[in-house]
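Written out below as structure tokens is the structure these notes cover.
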Amino acid sequence: MSADILPNWENLVRKQLKTDDIYSILKKENLEGIEVKPFYSDVQRPLVNLPKVEENTHLVARYHESLEEDVFAFILDHNVENLEEKTIFVNNNDLAGHISPKEEDQYFSLIDVFNEKQGTIDDQLAKELLSKDFKRNICVDISLHQNAGAAIDQQLGIALAKAKELAEVYGPEILRKLIFRIAVGGNYFFEMAKLRAFKIVFNQLSKEYGLNETPYIFAETSLRNKAVADSENNLIRSTLELASAMIAGADAVFSNNYLVDRSTDNSEEISFKQQIVLAYESIINVFEDASNGSYYVEEITRQIAEKSWALFIEIEEGGGYLELLKQGIIQKKIYDHAVEEQKWVEEGKIKLIGVNLYPKLDVTRSVEDLYNEKEIKAVRWAEMFE
């Protein structure tokens with residue numbers, strides 16, 4: 001790139017904005033503490049191509065018999081007889097306990113063995129899951145944390161801390177048996193960078209144990225930015241979230257129902273067809289690292305990775321994830337960020353069409369009504385107005 005492009009760009013913007021102080025005007029605030037520039041001409045340290053585990057992204061639907069012919073990967077909450085040649089993500093403790101996969105089956109566990117309220121690991125459940133012939137045996141679920149309002153570096157730092165707790169109890173080989181369930185929000189490029197950054201920091205964690213692992217990422221659409229009264233807007237938001245996850249190289253993607261508080265056969269089918277259109281009309285599900293080379297995405301990936309690793313170290317120095325849960329420190333960290341985020345929604349700094357921009361509703365519930373600093377719980381931004 002020509003060395004004079006940046007000055008020429010700056011001169012053009014100064015002329016258009018009629019001021020020399022262009023950077024203060026173009027600066028865009030964010031709650032993640034990530035520095036974002038209005039123009040990128042290079043990247044500090046170009047990243048190598050970040051791999052994923054699966055060659056093609058699994059497009060996952062919640063099981064319904066009407067989808068059996070067209071869908072190859074299902075989330076199962078209850079037992080289904082004679083479901084063959086499918087990839088199954090088991091989402092029920094009891095179901096996981098009695099399933100015995102055949103050699104040709106592909107079963108993944110979406111069961112998290114952490115009790116977030118008590119600050120413990122369910123050892124019996126963990127051992128039962130590890131004894132199963134699943135492709136991935138234990139889920140490290142941080143979708144709850146995203147939906148509760150955790151910052152991106154908090155989500156990834158917690159994922160690393162939970163993985164390390166498991167490695168310390170059951171041995172480092174467990175890192176090869178984990179699946180990470182991650183909720184993807186609406187900040188398109190930041191969420192893309194989030195998944196990419198997680199690949200970097202998880203690989204770094206595995207190297208601490210003499211391994212060289214890539215995390216299996218099950219990405220699902222967030223509930224945090226969805227509104228009960230705006231199902232069409234929810235559909236658009238979740239489509240962007242799915243695209244972000246696919247571009248970032250998620251191994252499996254799943255779209256939560258865009259109707260939020262109810263489900264119909266039609267809405268379940270449409271939620272899945274979002275993935276089909278993205279995968280087969282844009283072909284973004286086959287690339288390992290489609291955003292590699294974007295100066296902007298590479299730079300925020302680097303910043304997120306550094307902040308996440310720093311928080312992970314802080315958690316470990318404080319005694320580990322379980323210990324800090326028992327002390328209420330993890331809950332308070334998430335609470336502080338979630339409340340600040342909710343205030344941005346209330347003030348309109350975070351825009352939610354139909355809620356705080358072109359609003360249909362007024363504020364009905366306060367921040368104090370919605371959040372509890374002693375509990376990690378999912379809260380949708382729009383609940384304040386519903």
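The values are calculated or read from the model by the stated rules, or taken from the named source; none is laboratory data. What you see is a predicted model; the values in this text were computed from it and never measured. Ideal geometry is used to build each Cβ from the backbone, glycine not excepted, and the neighbour counts take in all protein chains shown. The area values use the complete protein model at the heavy-atom level, side chains included, leaving out ligands, DNA and RNA. Shrake-Rupley method; radii C 1.70, N 1.55, O 1.52, S 1.80 Å.
Here are a few things to note about the model shown:
- Degrees between helix 231-248 axis and first principal axis of the chain (Cα, 0 to 90, nearest 10): 80
- In the stretch 1-88, the trypsin sites (Lys or Arg not before Pro) that fall in loop regions by DSSP, at most 15 other Cβ within 10 Å: LYS18, LYS27, LYS28
- Ligands, DNA and RNA are left out, and with a 1.4 angstrom probe the accessible area of the stretch 256-336 is 47 Å² per residue.
- Estimated FRET transfer efficiency when R0 is 22 angstrom, pair GLN124-GLU173 (beta carbons, to 0.05): 0.65
- In the chain, helical runs assigned H by DSSP with n ≥ 4 each contribute -39500 (n - 2.57); averaged across all residues and rounded to the nearest 500, the mean residue ellipticity at 222 nm is -13500 deg cm²/dmol.
- Relative contact order of the stretch 243-292, defined on C-alpha pairs under 8 angstrom at six or more residues apart (%): 51
- Between helix 329-347 and the chain there is an angle of about 50 degrees, using the helix long axis and the longest principal axis of the Cα atoms.
- Portion, in percent, of the accessible area of the chain that falls on carbon or sulfur, probe 1.4 Å: 48
- Relative to the dominant Cα principal axis of the chain, helix 152-170 is inclined by about 30°.
- Entries in LYS102/LYS162; LYS162/LYS207; LYS27/LYS351; LYS273/LYS377 that, when Cα-Cα distance is taken, lie over 25 Å: LYS102/LYS162; LYS273/LYS377
- Counted charge near ALA148, where neighbours are those whose Cβ lies closer than 9 Å (Asp, Glu -1; Lys, Arg +1): +1
- Shape category assigned to the stretch 1-130 from the gyration tensor of Cα positions, a/c cut at 1.5: prolate
- Ordering of 276-286, 113-123, 302-312 by packing [mean C-beta count within 10 Å, highest first]: 302-312, 113-123, 276-286
- Residue-level accessible surface for TYR107, protein heavy atoms, 1.4 Å, Å²: 30
- Straight-distance crosslink candidates among aspartates and glutamates, where the alpha carbon sits under 18 Å from LYS374 and sequence neighbours closer than 8 are dropped: GLU116, GLU323, ASP336, GLU340, GLU341
- Given (1) 18.3; (2) 23.9; (3) 20.9, the label whose value is mean projected area of the Cα convex hull in nm² derived from this model: (3)
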